[in-house]
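Written below as structure tokens is the structure these notes are about.
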Amino acid sequence: MGRGAVFRRIGATKRDVAFAVPFTVFAVAVIAYGAARLVASPPESWTLVFAVIAGVVICGPFQMHIGRNPGFPVVGVAIMMLSILPTADTPFLSVSVWSTGVLVSRLLIRRNLPHALFMTGLGASGAFAYVAIQVWFAELAIWPIAAFLAATAAYYLVVLTGECARQWGRAGLDRGFSPAAISLPRLGLVVLTVGATGALMHLFDTVVIPWLERDPEMSRTPFVVLLAALLFYVFAQRNRYADVESQLSALVDAAVKLPRNTGEALVDALKEHAQSIVQASDIELRRTEPGPDEIGAEVRLSSGSRQYLVALRKAGGIPFSREDAAALSTLAHIATEAARIQREVDTLERRANSDPLTGLPNYGAFQKALTEANENRPYHEGIALLFIDVDDFKKLNDNHGHRAGDDMLRAIAERLQRSAGGGDFISRVGGDEFVVILTGLVSLEQAKETADRIVETIGERLALEGLDLRPIVSAGLAFSSHREIDARTLVEDADRAMLRVKRSRREGESSERSSLSISSHRSTRTNDIVERAIRNNRLMVAFQPIINLEENRIWAFEALIRYVDPELGPISPPSLVARAKSLGLMNELTQQVITKALDAAEQFRKLDPGIACMTVNIELGQISDAELGPFIRDAARAHPDITLCIELNERSLRSATDDLRRDAEQMQRAGVTIALDDYGSEDSAVGALVHFPMNILKIDKSLI
């Protein structure tokens, strides 16, 4: 296999191969030359030669950060080992000795021969520049510290130029070195640190140790080399432990957060944590194992699914460490356990909240759903409860066996799911009892229409165990137009209505078809409450500000009717108005709202004189003299500083007569402003704008 093929096998591009081959050849030539020269002409001190090689290997793991951002790029400090030349008589042979140490160091760290050879060749190029400047400055008798600093700067200039050239054009995260990524102050600090360390090593070897040592024949040079290498090895281990501590902290954070996610959210969170923990530029979740220069671990996020969490490249092109691989494996295990526990919890919840026969939610799930539907519905939205009981179910079991009864229940459950709306909730709450929570309702009529359709669907003919049956059910319906204090009252009312159907069957009424009864108890009770609230003047008025956008101030308020019953809780405005109409109390309700609204407007003017208008919603027919016309005009005259605006909805203008138009004009002459509300929510007839007197047009958001 050729050298190019080796590089391609480890994931290098053709451009990487073309760039790396010359340095690889150079590294092999330098090391081979050094080995041949050392064998042919042994050095004065083999101990020093091996000490330099060992020193390079020992301090190889220590990397110094020179980037603008945390993490990368980083550079090594092994060049300081050449501050004491192992073959002083042949300086450039020392580069071969040093390069041997670099090759061994890179192999131990990366375990990748092609990459180690490339890095050795690139480092050897810089090392030749380092030694050349050292020799040149020595011949010129320039201050040694300046020589070491200049040599160190030349070494890093060569190495960084080579790395920048190799990675030119790559994406930012994949690039280990680039001029834009390098921080000159940090690079200057590295040059100063390594150069000063080399100068100190040279000073100790040539001045301090000879002055301290009594035996001039005894050489302590290998000791100086190894001591410096060990010092930087300690720093390397300190950095390594700091990185491990950071990864452990990130793993603990992942162990806390991953179990909170499921499905795609778990996959995204896993990738995000993996990228953060191992500082990878790319993370994949795939079915193939990690390749060369990648690290990965098996992960199971769903039952029977086997995948691999793979880190493709480390940010900045730095090789992954053993700690990275261990951290990624631990993270994959955490994610696998989080997914397994979540599946088990989901299974337990499903078993706890579902009926094993029909698969429908059980009574416990129904109670939670009813509470949620009651408490989380919009203020104007109604809900209803349909309580269904299968007639003569015991007779079916006795005559045809429990298997036939079970099949009947499953068939009814399927029909309920088919006929109910998408947002409705269906549950089996007893042996032959089902409930349906109907949501998104605006009226009892709509609830009854839906309930009739459901009951009719259940009663379709059914082929069962060779029998031709038509299921017959008794059903009770309870409607709620407002949020209940206790949602269980809906169940009681629907059950009471269902029992009324049962009772009528026992009293001789036809039992050949399903029947539905509506809870009159609930409707009557609510009517009584609304009537009592109006007659006792207990209604409250809320005020919605109307903003003048040009002047950025409150211009008016709209009065909105509200009522909260101590027993039932808040009653929605549409339900309140509808019941007031049915009870013949609409005029009395409107009078109370207008009176309270205008009194409040006077108080608002004391706080802000710019508030000049109060708007009230009324029915079109109420402006006639036979109803509230005189009252409205008198109320407007009684508050001369306040403009009373009556709002009519678009639907009501369909019934506008010539008499009502004249009444409206009379209102305007009395100082009352007329507004058309919710224009665009219906047919939006332009004729209504022309033929009916009005001052303000309020456009509905649906038209916009």
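The values are calculated or read from the model by the stated rules, or taken from the named source; none is laboratory data. Computed from a predicted model, the values in this text were never measured in an experiment. We place every Cβ from the backbone using ideal geometry, glycine too, and count neighbours over all the protein chains shown. Ligands, DNA and RNA are excluded from the accessible area calculation, which covers all protein heavy atoms including side chains. Shrake-Rupley method; radii C 1.70, N 1.55, O 1.52, S 1.80 Å.
Need pairs with beta-carbon distance below 7 Å; first residue within 17 Å of Leu203 (Cβ to Cβ) and assigned to a helix (DSSP H, G or I) and within segment 133-151, second modelled with pLDDT under 85 and open to solvent by 70 Å² or more (accessible area, probe 1.4 Å); sequence gap 6+ or separate chains.
Correct list of pairs: Ala147/Ala138.
Criterion first (surrounded by 16 or more Cβ atoms within 10 Å (Cβ to Cβ) and modelled with pLDDT of 90 or more) does Ala636 satisfy it?
yes
Residues being out of contact with any strand residue (DSSP E or B) (no Cβ under 9 Å at 6 or more places or on another chain), part of a loop (DSSP other than H, G, I, E, B) and farther than 18 Å from Asn649 by Cα: count how many of those fall in segment 595-626.
3
Restricting to segment 617-633, give me the number of residues that are under 25 Å from Gln544 (Cβ atoms) and not polar (S, T, N, Q).
Looking only at that region, the number is 9.
Given the conditions (1) part of a helix (DSSP H, G or I); (2) under 27 Å from Leu108 (Cα atoms); (3) among the small types (Gly, Ala, Ser), and given that Ala311 satisfies all but one, which numbered condition is not satisfied?
(1)
Do you know which residues across segment 277-312 are surrounded by fewer than 16 Cβ atoms within 10 Å (Cβ to Cβ) and within 15 Å of Ala325 (Cα to Cα)?
Residues satisfying the conditions are Glu289, Gly291, Pro292, Glu298.
So which residues in segment 407-434 are at pLDDT below 85 and crowded, with 18+ Cβ neighbours inside 10 Å?
Ala420
Looking only at segment 451-476, filter to residues that are open to solvent by less than 20 Å² (accessible area, probe 1.4 Å) and within 41 Å of the chain's Cα centre (by Cα); which one of those is nearest to Asp355 (Cα to Cα)?
Ile454
Would you say Gly382 is buried (at least 17 other Cβ atoms within 10 Å of the Cβ) and of a type in the set (Gly, Ala, Ser)?
For Gly382, the condition - buried (at least 17 other Cβ atoms within 10 Å of the Cβ) and of a type in the set (Gly, Ala, Ser) - is met.
Quick one: in segment 578-613, which of the residues that are surrounded by 17 or more Cβ atoms within 10 Å (Cβ to Cβ) and β-branched (Val, Ile, Thr) is nearest to the chain's Cα centre (by Cα)?
If we take residues in segment 578-613 being surrounded by 17 or more Cβ atoms within 10 Å (Cβ to Cβ) and β-branched (Val, Ile, Thr), then Ile611 is nearest to the chain's Cα centre (by Cα).
Which one of these does Glu337 not meet: (1) surrounded by 14 or more Cβ atoms within 10 Å (Cβ to Cβ); (2) in contact (Cβ under 8 Å) with a residue 24 or more places away in the chain?
Evaluating Glu337 over (1) surrounded by 14 or more Cβ atoms within 10 Å (Cβ to Cβ); (2) in contact (Cβ under 8 Å) with a residue 24 or more places away in the chain leaves (2) as the failure.
Being more than 30 Å from Arg287 (Cβ to Cβ), acidic (Asp, Glu) and modelled with pLDDT of 90 or more: is that true of Glu381 here?
no
Residue by residue through segment 94-121, note down the ones that are surrounded by 24 or more Cβ atoms within 10 Å (Cβ to Cβ) and among the hydrophobic types (A, V, I, L, M, F, W, C).
Val95, Val97, Trp98, Val102, Leu103, Leu117, Phe118, Met119
Mind telling me which of the residues Pro114, Pro185, Pro86 ends up being more than 50 Å from the chain's Cα centre (by Cα) and not aliphatic (A, V, I, L, M)?
Result: Pro86 is the single residue among Pro114, Pro185, Pro86 that is more than 50 Å from the chain's Cα centre (by Cα) and not aliphatic (A, V, I, L, M).
What about Asp493, is it in contact with a His (Cβ under 6 Å, 6 or more places away or on another chain) and open to solvent by less than 80 Å² (accessible area, probe 1.4 Å)? Give the derivation first.
On the way: in contact with a His (Cβ under 6 Å, 6 or more places away or on another chain): yes; open to solvent by less than 80 Å² (accessible area, probe 1.4 Å): yes.
In short, yes.
Would you call Leu82 in a helix (DSSP H, G or I), touching a helix residue (DSSP H, G or I) at 6+ places or on another chain (Cβ under 6 Å) and under 30 Å from Tyr241 (Cβ atoms)?
yes
Tyr363 - would you say it is over 19 Å from Arg110 (Cα atoms), open to solvent by 30 Å² or more (accessible area, probe 1.4 Å) and among the aromatic types (Phe, Trp, Tyr)?
yes
If I filter segment 385-406 for residues that are at pLDDT below 85, charged (D, E, K, R) and open to solvent by less than 20 Å² (accessible area, probe 1.4 Å), do I get at least one hit?
No - not one qualifying residue is present in segment 385-406.
Does segment 198-211 contain any residue that is at pLDDT below 80, closer than 30 Å to Ala338 by Cα and among the charged types (D, E, K, R)?
No.
Restricting the search to segment 314-357, which residues are over 18 Å from Ala274 (Cβ atoms), of a type in the set (A, V, I, L, M, F, W, C) and not in a helix (DSSP H, G or I)?
Leu357
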